[in-house]
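Structure, as C-alpha cells:
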C-alpha cells in the first residue's frame with residue numbers, strides 16, 4: 001500500500017526514488033451516487049464504460065457547468081467515456097433517462113416482406129425482421145450505416161431473418177442481393193440412368209430427379225441407392241425425387257444392380273424396384289428355397305421308386321424261369 005499525500009504518491013525502487021502525480025476521475029449520477037471512480041497517473045489516458053439498461057439513454061453529461069456529452073460513445077453494454085492526457089482531477093455528472101427509443105429504417109428494395117421492421121425500438125432492445133428471397137437470389141450484404149451486419153442474418157426455406165440483439169443507435173439498414181446459379185452433376189453405374197430437370201439450378205430453386213432403367217432391364221434390375229451430396233434419398237414410386245431450396249453445388253450418385261440371376265434375360269418374372277424395398281430379394285430367395293425343396297422331394301421320391309422297379313424285374317424273371325421249366329417237363 002502506497003500512501004497518497006496531496007495528490008502525490010512516492011515509491012522507492014532499488015536505490016531510485018520516484019514520485020508521480022495522480023488524479024481522480026469520478027462519475028456520479030447527480031444524486032450523490034458514484035457510478036465510477038478511479039485514480040490515474042498524470043499524463044495517462046483513461047477509459048470506462050457505464051452500463052445502461054434497456055430503454056435507458058443519456059439525458060446529460062457534464063463536467064462542472066460544461067456539456068461534454070461528445071466525450072461519450074454508445075456501445076452495446078452502455079456508454080464509454082475516454083479521457084486523454086489527464087492533468088487534473090475531473091468529476092463528471094451523468095444523468096440518465098428512461099423510455100428512450102431509436103429510429104429504424106430498412107430498405108429491402110423490391111423484396112417481399114415477411115415480417116416488417118418497426119419504425120423504432122427501445123434503446124438496447126433487439127430488432128427483428130424477415131423477407132423472402134426470390135428464386136435465383138441470395139443475400140449479398142446487409143449494412144447498417146455502412147457497416148455490415150450480415151452475421152445477424154439466417155436463411156431458411158428461402159426466407160431471410162435478421163435478428164440484431166441490441167440496438168443502441170439509429171439504424172439505417174440496406175439489404176442487397178445477387179443472382180447465383182449452381183452446378184448439378186450426376187455420377188452412376190449399371191443398367192439405368194438418373195436425369196435432372198436442370199443442371200444449372202438457381203439459388204432457392206428446386207430440381208426434379210428422374211430415375212429410369214435401360215430398355216429391357218426394367219424387370220431384372222433395381223436402383224440399389226441414390227445419393228444427393230453423399231446423403232442417401234428414397235425415390236418416389238414413379239422413380240422421381242425433388243431437391244428443394246438449393247443453396248450450393250449438387251452431386252447426385254446412383255447404383256443399379258441386378259435382381260435376377262440371368263442379367264440378359266428381359267423376359268424374367270422379377271419385379272422392378274424404384275428406390276424402395278418391395279421384398280423382391282426376399283421373394284427371389286424364397287423362390288430359390290422353394291426350388292431346392294422341390295428338388296429334394298423329387299430325389300426322395302425317386303429313391304423310393306427304384307427298389308420297386310428292381311423287385312418287379314426280379315419277379316418277371318422268376319416267372320419266366322418257371323414257365324420255361326414247365327415247358328421242359330412237358
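Read the figures in this text as sums done on the coordinates, not as results from a lab. Since the structure is predicted, the reported quantities are computational estimates derived from the model, not experimental observations. Counting neighbours? That spans all protein chains shown, and the Cβs are built from the backbone with ideal geometry, glycine included.
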| message | Could you tell me the center-to-center distance, by alpha carbons, between region 78-137 and region 221-254 in angstrom? | response | 45
| query | Tell me, 63, 235 in order of fewest to most beta-carbon neighbours within 10 Å? | reply | 63, 235
| request: Kindly state, to the nearest 0.05, the FRET efficiency for residue 109 paired with residue 21, given R0 = 56 Å and r defined as their beta-carbon distance. | output: 0.45
| query | To the nearest 0.05, what FRET efficiency results for residue 38 and residue 141 with a Förster distance of 56 Å applied to their C-beta separation? | reply | 0.85
| task | Using packing as a proxy for protection, rank 130-142, 68-80, 212-224, 32-44 so that the peptide with the highest average count of other Cβ atoms within 10 Å comes first. | result | 212-224, 130-142, 68-80, 32-44
| message | Suppose the chain between residue 224 and residue 70 were pulled fully straight at 0.36 nm per residue; how much longer would it get relative to their current alpha carbon spacing? | response | 48.3 nm
| Sorted by mean Cβ packing within 10 Å, highest first, what order do the peptides 85-92, 250-257, 146-153 take? | 250-257, 85-92, 146-153
| request: Taking 7 Å along the Cα-to-C-beta vector as the label spot, tell me the residue 29-residue 47 distance in nanometres, rounded to one decimal. | output: 2.6
| remark: Everything considered on the Cα gyration tensor (a ≥ b ≥ c; rounded for a/c under 1.5, else prolate if a/b is larger than b/c, else oblate), region 62-101 must be described as oblate
| request: Can you tell me how much longer the chain between residue 178 and residue 82 gets when fully stretched, taken as 0.36 nm per residue apart minus their C-alpha distance, in nm with one decimal? | output: 30.4 nm
